[in-house]
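The values are calculated or read from the model by the stated rules, or taken from the named source; none is laboratory data. Since this is a predicted model, take the numbers as computed values, not measurements. Methodologically, a virtual Cβ is constructed for each residue, glycine included, from the backbone with ideal geometry; neighbour enumeration extends over all protein chains shown. Just so you know, the surface numbers come from the protein's heavy atoms only, side chains and all, with ligands and any DNA or RNA stripped out. Shrake-Rupley method; radii C 1.70, N 1.55, O 1.52, S 1.80 Å.
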Amino acid sequence: MLQTKDTYDDVPYFSAAFVDSSPFRLQAVVTFLNIKNKSLENARVLELGCSYGGNILPFAIHNKNADVVGIDMSKTQVSIGNKIAKEAGVKNFKLIQKNILDLTQDDYKKLGKFDYIIAHGLYSWVDDDVKKSVLKLIKNVLSVDGISYISYNVYPGWNSFEILREYMLFVSSDESSYQGRLQKSKDELEFFKNFLRMNLQNIQNPTLRDSTKLLLTQLDFLKNITKDKKNDYYILHDFLETCNKPIYFNKFIKEIQEAGLCYLLDSTLDDIFNSSFGVFRFDEHIEKNYPKRVQKEQMKDFFQNRSFRKSLVMNSEILGSNDDFDVQIGIDEISKLNLIVKLSKKDDIFYIKDRALNSSFNDVFERFYEAYPSSLNMSDFKDKDTQNVLYAFLELISDVNTVIATKEFKKLDYVVGKTRLKEDIRGYVRYFANADEPVILFADALNQKVELDTSLAKIALEFDGKNSIDFLEKKFDKDSVSKVYSILQKAYFFESF
């Protein structure tokens, strides 16, 4: 039988960085909600199931007075992750090889208290006893006003994915190796897809036809992922893992409450900005029959067929005698946030990704459009109508593609003798310049992906404050230098000196 620990050692999980779990976003959320929290500069951050540490290494690099720790049971990943950090010169970062089930009260004391705890891609993929240990660990080492991020698969959305998972487990059950299971699953998924497409043309029953369409949609989604071998780790650990137990949101709430924790909101801020459907008869019905926020969220999961959640939880003591958090959103709260928004523009309409924005606030959006990748705050719009600016900010914050932080982020131009590639991240960039197959995602301080491959990372190291752009364009090709320059600006990788 294939064991979970062996799986992660033999086919390691590529260590990506996730914006929603970044301490920058977590701090912004609690600050936005008027909840006291620890400054990021000297915060203690813990990630459970950290893999190589790629999700927390960017934060450690950009906050050298913070203490960043990761725990994972994979000896392979912990060893390599520590080596990457050491060779990059990162001294405030440490990965610990440990099974969470084996942690004792003495271990909790040695770990100390943490202001931010991250458990991404862990909770649904462990047995119930490990889940309890995860929550027990969080309760014991989370500081009084600390915040924890827990992501997990949820029903009902995962029901159709579960059919595909069980199919993949069944067709690959005779394979003894991980790569064998992966390849057999990919082959049989293609066979399954071809059958569904053919069969769809002959189905007369409308109910069966609709359910087949849904399954085919999920299968196409999965097939698109399997095309790239870089996603093999995801397929193995999400669909072929020994354990994958999605949970209904309301049952997750019961589990954290039993552990002495409480639910704050989803990291996407859906609880605030998408708390209703905008249709009176549906919203009225839910408000009347399911008045509690947790009930409303569960109803939304049913109606929207949600399959994944990113919940922020805190110590239940933070509520005091209250049953829930009382959130008031106004100018004072919005003014605490800095927004980074990448907009596109067509025919006087601004877009975030493919979503059109309200043209009534175009004067505000225009300034964001011109400022990117610099962040903007309400204070940057003192010359505008305050109410209009507030509504524009609310529309931007409600979009998952908007990055929020309490810290200001400014792009810097590269000028010889004045700016350079940040000294603190040179070792980090050097890793990607020398790694043919990186095991961690290249990310900026906010956990946004940095699109530098090996050759471009080597060029990035040449932006040392001494080499001019002209010199670099002669040494390398002009287009590559221009591309690297733009990427470094957008990643906030330059510093004045």
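Worth a mention:
- Extension reserve of the Thr104-Lys245 stretch, reckoned as 0.36 nm per residue once the Cα distance is removed: 48.2 nm
- Apportionment of accessible area to carbon and sulfur, the chain, percent (1.4 Å): 48 percent
- Cβ-derived FRET efficiency at R0 60 Å, Ser79 paired with Ser276, nearest 0.05: 0.75
- Phi to ³J(HN,Hα) by Karplus 6.51 cos²θ - 1.76 cosθ + 1.60 over segment 22-27, Hz, x for Gly, Pro: 5, x, 4, 6, 4, 5
- The alpha-carbon of Lys300 sits under 24 angstrom from the alpha-carbons of these lysines, leaving out residues fewer than 8 places away in its chain: Lys213, Lys245, Lys251, Lys254, Lys288, Lys292, Lys310, Lys353.
- Legend: distances between Cα atoms for Lys184/Lys449; Lys411/Lys478; Lys86/Lys407; pairs beyond 29 Å are Lys184/Lys449.
- Coarse-grained scattering of segment 357-497 at q = 0.21 Å⁻¹, given as base-10 log I(q)/I(0) from a Debye sum over alpha-carbon atoms: -1.21
- Other-chain or far-sequence residues with amide H under 5 Å of Leu264's (modelled H): Leu312, Val313, Met314
- Label-to-label distance for Ser496 and Glu258 is 5.6 nm, based on points extended 7 Å past Cα in the beta-carbon direction.
- Backbone HN-Hα couplings from phi across segment 199-216 [Karplus 6.51/-1.76/1.60, Hz, Gly and Pro as x]: 5, 4, 6, 10, 6, 9, 5, x, 5, 5, 5, 5, 5, 5, 4, 4, 4, 5
- Amide H within-cut-off set for Leu46, under 5 Å, with H built and near neighbours excluded: Val69, Tyr116, Ile117, Ile118
- Placing a label point 7 Å from the Cα of Arg197 along the Cα-to-Cβ direction, the residues of segment 224-261 whose backbone N falls under 13 Å of that point are 224.
- Pairwise centroid distance, computed over Cα atoms, of segment 229-259 with segment 55-73, Å: 24 Å
- The candidate values are (1) 70, 52, 33; (2) 69, 58, 54; (3) 64, 49, 36; the one derived from this structure for Cα extents along the principal axes in Å carries the label (2).
- Per-peptide average of other Cβ atoms within 10 Å, ordering 197-210, 20-33, 233-246 highest first: 20-33, 233-246, 197-210
- Relative to the current alpha-carbon distance between Phe303 and Asp385, full extension at 0.36 nm per residue lengthens the span by 25.8 nm.
- Here the 3J(HN,Hα) profile of segment 453-467, calculated from phi with Karplus coefficients 6.51, -1.76 and 1.60 at θ = phi - 60°, is 7, 4, 5, 6, 5, 5, 5, 4, 5, 7, 7, 9, x, 10, 6 Hz, Gly and Pro shown as x.
- Normalising by residue count, segment 261-317 has a Cα convex hull of 85 Å³ per residue.
- With 0.36 nm allotted per residue and the present C-alpha distance subtracted, the Ser359-Ser321 stretch has 9.3 nm of extension available.
- Relative packing of 132-141, 272-281, 66-75, 174-183, which averages over residues the other C-beta atoms within 10 Å, highest first: 66-75, 132-141, 174-183, 272-281
- Cross-linked pairs Lys113/Lys483; Lys229/Lys342; Lys36/Lys466: Cα-Cα separations exceed 32 Å for Lys113/Lys483; Lys36/Lys466.
- Other-chain or far-sequence residues with amide H under 5 Å of Tyr248's (modelled H): Tyr155
- Partner lysines for Lys75 [C-alpha distance under 16 Å; skip if fewer than 8 residues away on the same chain]: Lys5, Lys83, Lys94, Lys98
- Over segment 365-451, Cα pairs under 8 Å with separation of 6+ residues give a relative contact order of 20 percent.
- Translational diffusion coefficient of segment 157-240 (Stokes-Einstein, Kirkwood radius from Cα pairs, 37 °C, 0.692 mPa s): 247 µm²/s.
- Probe 1.4 Å - accessible area at Asp283, Å² to nearest ten: 40 Å²
- FRET efficiency, 1/(1 + (r/R0)^6) with R0 35 Å, evaluated for Asn401 and Glu188 via beta carbons: 0.50
- Backbone N under 12 Å from the Glu473 label point (7 Å along Cα→Cβ), restricted to segment 410-437: none
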